[in-house]
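The values are calculated or read from the model by the stated rules, or taken from the named source; none is laboratory data. Just so it is clear, the structure is predicted and the values come from calculations on it, not from any experiment. So basically every Cβ, Gly included, is an ideal-geometry build from the backbone, and we count neighbours across all protein chains shown.
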Amino acid sequence: MQAGLSTKNAPSPSVVLPHYAYGAVAFITAAIMMFFAAEDISTTYMTPKVLSVAHVLILGWVTMIIFGALYQLIPVVMEVKLYSEKLAMASFITLGLGVPFIAYSFWVDFIGASHAMITGGSLVILSVLMFVVNTLGSAMKTENKTIENRFIVASVFWLLLTVVLGLSIVLFPQILAYGSFQIHIHIGIIGWFMMLIVGVASTLMPMFFIAHQLNKKLLEMAFWLLNGGLLVLLSTMFFDLGNYAKMGAGTLVLIGFIMFFSYNLGAYKKRLRRNLDIGMKLSVLAFILFALTLVAGVLSSFGSLIDGDFLTRINLIYGISLIYGFITALILGQMYKTLPFIVWLKLYQDKVGKFKTPLPADMHSEEAAQGHYFFFIGGFMLLVIGVWLKESMLIKASAGFMLLTAILYAYNTFKILMHKQQLKPLVMPKIRKRPVPVVKKDK
Amino acid sequence: MAKIDQLNETEQDILEIIKTVPDPEVSVNIVDLGLIYEVAHNEEDKQINVIMTLSARGCPVGDTILQHVQTVVSNMYPGYYVDVDLVWEPQWTPALITDDGRAQLDGGF
């Protein structure tokens, strides 16, 4: 067997799998919290409970799963072993401990340097630092300098900046006057999540669609536009550049996202797999929701020109469509494209060819998956309408749908995680019997 | 080494055996996906060589597929040395998928 194959580089499943379990529980928790925060969500995003739900979603659900998935995907994208599995495990533990502290502190104490916030924030920063070292350590070993790799490396720099700025806001609230909160949100969302998602999705989506000969120049341009836009945005905090600079940054980022969107649309159109499985259906849904994010983002960047109440609702829909829409749908879908393979490889890697084994796609309940696909769409639509109409009952109904989504998703996650080996006798085709060739003896 | 459209009877049998190996991601066998480039059976040296590729360099189940090919062929031809080689040239393209493979991809799941 040859070098360069990612199975040999794959980390131990015990490093990756706990991230998926924690993420599934955090997703359920966030849905329950959203129910009790419905009144707050219908008003604005700068309230204790909204910030608490946001951080459970962003750190406990999205970041946790991204960390875990990335430990599995680094060998795929970079074609190297993960730099350190111990560091990955330590990062999981510190992030897992830090999230409840932060969530609790926001829920009861809002912004302030409480003991819980300092403890939670420090744990999260520690976790992120270890993750950054692990990713950069792996990136330095790779000879595979693709554009997808560059997105991943850039994303971890922005992540580091995001958490440092986040904790700075908590410790030194006076910097809020310089727009640090909006910048914290944007470099977190665009620099960390989106940069990473662009890098990973641009590798995985064509692979799963079986689409070849795509226009990589689009990704190259997206890379410079997104990073350029973020740098301009960041500089507005230090130099009073005004709203036009922010609009300029927004425009650069928007064009960058359109490039990324076009690249994946190209993969979708050229796909050989016409019928999509549940993982890819959810991923395609994610991109549809992303279109809503882009529209809300454009409107939000013209914030100074529009009415304050309208802007608040647009900002909420922008954040919701990105975190609870695009990124959540993508994670829901990509779970089915990653987790079953990790468990399948662990259980069946040395059994293939000796026994008939199930396929990774056989390890989840299709009914539960289809169920949470529709509950998710219903929950998302109710949430957007509820926020737009400022109707807390609709938001509570949405929380109910999201809870059902989270429960069915968690059911499938744990069904896959606890899958027991199923081996059946192998049935092979019969080989034709042929006469044994007569060997002529030399005289 | 014989290209898969120039196989003798034994090599065709070997190809039939390899057809039991699915790509776990798409549930289509790797012969119909066009991943097998060459098969060679050498009676005298008791050796079977398979040259194959993968549809994507980063394929997470790549070496399990190679392992699968080696195991099934070895099981059917005990006493033979079975060598499965992975190559990236010529690069796999969707044009290599057979009509059967396309039909399975269109409606298989």
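Quick notes on this one:
- Residue in the stretch A:95-117 that is of a type in the set (S, T, N, Q), more than 21 Å from A:Ile183 (Cβ to Cβ), more than 14 Å from chain B (Cβ to nearest Cβ) and touching a His at 6+ places or on another chain (Cβ under 9 Å) present: yes
- In the condition set (1) under 23 Å from B:Arg57 (Cβ atoms); (2) free of Cβ contacts under 8 Å to residues at least 60 places away in the same chain, A:Ala90 is compliant with all but (1).
- Residue check, A:Leu347 surrounded by fewer than 20 Cβ atoms within 10 Å (Cβ to Cβ) and either in a helix (DSSP H, G or I) or of a type outside the set (Lys, Arg) (or both): yes
- Any hit, the stretch B:29-42, residues being of a type in the set (Gly, Ala, Ser), more than 8 Å from chain A (Cβ to nearest Cβ) and more than 22 Å from A:Phe355 (Cα to Cα): yes
- Residues in the stretch A:279-327 that are under 20 Å from A:Gly179 (Cβ atoms), among the small types (Gly, Ala, Ser) and modelled with pLDDT of 80 or more: A:Ala296, A:Gly297, A:Gly319.
- Lone unmet requirement of (1) under 19 Å from A:Trp192 (Cβ atoms); (2) buried (at least 22 other Cβ atoms within 10 Å of the Cβ); (3) touching a residue at least 60 places away in the same chain (Cβ under 8 Å) for A:Tyr22: (2)
- When the stretch A:240-292 is filtered for residues that are of a type in the set (Lys, Arg), in a helix (DSSP H, G or I) and closer than 19 Å to A:Pro206 by Cα, the ones remaining, listed by number, are A:Lys269, A:Lys281.
- Within the stretch B:10-30, being of a type in the set (D, E, K, R) and either under 10 Å from the mean Cα position of the chain (by Cα) or outside any helix (DSSP H, G or I) (or both) holds for B:Glu16, B:Lys19, B:Asp23, B:Glu25.
- Within the stretch A:208-242, considering residues that are closer than 30 Å to A:Phe341 by Cα and aromatic (Phe, Trp, Tyr), the one modelled with the highest pLDDT: A:Phe223
- Scanning the stretch A:398-411 for any residue that is farther than 24 Å from A:Ala38 by Cα, modelled with pLDDT of 90 or more and part of a helix (DSSP H, G or I) turns up at least one such residue.
- Flag for A:Ala296 being under 21 Å from the mean Cα position of the chain (by Cα) and surrounded by 24 or more Cβ atoms within 10 Å (Cβ to Cβ): no
- When residues in the stretch B:57-100 are screened for being more than 30 Å from A:Met78 (Cβ to Cβ), in contact (Cβ under 8 Å) with a residue 40 or more places away in the chain and more than 8 Å from chain A (Cβ to nearest Cβ), 4 of them pass.
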